[in-house]
Amino acid sequence: MTPRILMIVTSNARLGDTGKPTGLWAEELAVPYYALVDAGVEVTLASPAGGPTPIDPGSLKPMGENDPVVERFLADAALQARIAATSKAADWDGAQFDAVFFPGGHGTMWDLPHDAGVTRAVERAFAARKLIASVCHGAAGLVTALRPDGQSIVKGLRVNAFTDAEEVAVGLETVVPFLLETRLRQLGGKFEGAANWQPFAIRDGQLITGQNPQSSHLVALELLAALRGVAQG
């Protein structure tokens with residue numbers, strides 16, 4: 001059977017009350033999306049609010065100047081139409097997919113943790129023993145999800161995300177509503193990270209997490225390997 005993944009992206013276009021634009025980081029959608037669909041995986045795109053997904057302008061250069069995968073993303077009319085009309089996360093049951101995947105971008109920090117549909121999708125997927133993956137700030141989609149026993153889904157698991165050091169390096173440590181590494185540690189996650197901007201991803205059980213945009217491909221590879229393991233198992 002064709003693996004099915006629910007990919008949840010941010011609906012938030014502003015960095016808190018600064019008025020500055022943010023949103024989805026293009027590379028963190030494009031790299032895993034194409035790795036997955038090129039491998040025959042069916043991807044459903046959703047967001048907290050539904051409708052258009054804002055793209056962080058900092059993640060895009062003029063056409064012709066981006067990495068090839070981002071150029072493919074920009075030229076893909078079908079995908080552009082899909083991200084302009086995402087479904088609502090609340091309309092989906094995470095347990096009905098083989099995995100739930102969260103691309104990042106700073107926008108996620110304001111809406112993913114507080115959306116009941118996102119939390120429910122993750123909780124249902126986790127309880128059904130499905131895979132849950134994130135890149136960079138996409139791990140914000142994990143912080144409010146609980147196991148059936150009431151504990152955080154990250155408790156006791158090796159986990160990774162955009163590090164506090166990286167947040168300081170981009171000068172947004174006082175802008176984001178919380179520091180993602182710190183929060184994951186507070187929730188009982190066994191946080192492991194690499195040096196700033198180095199590719200890094202880990203899998204522990206159902207959870208696959210990567211650190212930064214440079215880690216997008218590693219997370220996709222880990223997820224594909226896990227999906228194949230499930231299919232073979």
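Table for the structure above
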| item | result |
| --- | --- |
| Cα-based reach from Lys155 at 19 Å (exclusive), listing lysines while leaving out same-chain residues under 8 positions away | Lys130, Lys190 |
| Mean separation of Cα contacts under 8 Å (6+ apart) over length of the chain, as relative contact order % | 20 percent |
| Segment 26-140 - percent of accessible surface contributed by carbon and sulfur, probe 1.4 Å | 53 percent |
| Under 19 Å from Lys61, Cα to Cα: lysines that are on another chain or at least 8 residues apart | Lys20 |
| Cα-based shape type of the chain, given that a ≥ b ≥ c are square roots of the gyration tensor eigenvalues and the cut on a/c is 1.5 | rounded |
| Sequence-separation-based contact order of segment 151-233, relative, with Cα cut under 8 Å and 6+ spacing, percent | 31 percent |
| Mean ellipticity per residue at 222 nm, deg cm²/dmol - from DSSP H runs of n ≥ 4 across the chain, formula -39500 (n - 2.57) | -9000 deg cm²/dmol |
| FRET efficiency, 1/(1 + (r/R0)^6) with R0 22 Å, evaluated for Lys61 and Ala169 via beta carbons | 0.60 |
| Approximate shape of segment 36-88 as ellipsoid semi-axes (Cα gyration tensor, √5λ), whole Å, largest first | 20, 16, 9 |
| Segments 111-121, 185-195 sorted - mean Cβ within 10 Å per residue, highest first | 111-121, 185-195 |
| Those aspartates and glutamates that a straight Cα-Cα span of less than 14 Å connects to Lys88, excepting residues fewer than 8 apart in one chain | Asp111, Asp115 |
| Modelled FRET efficiency - R0 22 Å, Arg185 with His114, Cβ distances, 0.05 increments | 0.60 |
| Average accessible area per residue (Å²) across the chain - probe 1.4 Å, nucleic acids and ligands excluded | 41 Å² |
| Gyration tensor (alpha-carbon) shape descriptor, segment 100-233, a/c threshold 1.5 | oblate |
| Beta bridges by DSSP in the chain, antiparallel share as percent, to the nearest 5 | 25 percent |
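The values are calculated or read from the model by the stated rules, or taken from the named source; none is laboratory data. Owing to the predicted nature of the structure, the values given are computational and were not obtained by experimental measurement. Don't worry about glycine lacking a Cβ; one is built from the backbone with ideal geometry, like all the others, and counts go over all protein chains shown. The protein model used for the area step is the full one, side chains on, heavy atoms only, and it has no ligands, DNA or RNA in it. Shrake-Rupley method; radii C 1.70, N 1.55, O 1.52, S 1.80 Å.
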